[in-house]
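*Asks:* Sending over a structure as structure tokens; questions will come in a sec.
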Amino acid sequence: MINNIKRDESIGMVIEQIVDKQIRRNDPPETAQTYQRLLQDSFTDVEARRLIYMAVQVELFRLMRYGEAFNHSRFIGNLQGLPDLPDADFV
């Protein structure tokens, strides 16, 4: 159980780093655009980042569960759909 918690925390930290880098480097630009849009829509910094984390998590989930490659179009679509949360099983 402790190993699962540590693994989940590690995955969470990696996702945070991915999103931070995407926003900072503006790559892909849709991540930074989504971040700015969410801030303008009255989400806090933490809330906006957490929503974006969900779009990244969908791609990681689909990779781990189905062995699918990263789907750039789906990722961008999920970013554009925020704050509505993507559904990893049906996207």
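*Asks:* State all residues of the stretch 47-91 that are part of a helix (DSSP H, G or I) and in contact with a Leu (Cβ under 8 Å, 6 or more places away or on another chain); if no residue qualifies, say none.
*Replies:* GLU47, ALA48, LEU51, ILE52, MET54, ALA55
For (1) among the β-branched types (Val, Ile, Thr); (2) exposed (fewer than 15 other Cβ atoms within 10 Å of the Cβ); (3) modelled with pLDDT under 95, each residue gets a yes or a no:
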residue	(1), (2), (3)
GLY12	no, yes, yes
ILE23	yes, no, no
PRO28	no, yes, no
THR31	yes, no, no
LEU38	no, no, no
ASP45	no, yes, no
LEU51	no, no, no
PHE61	no, no, yes
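The values are calculated or read from the model by the stated rules, or taken from the named source; none is laboratory data. Bear in mind that the values here come from a model prediction, so they are computed numbers and not experimental data. Note: ideal-geometry Cβ built from the backbone for every residue, glycine included; neighbour counts use all protein chains shown.
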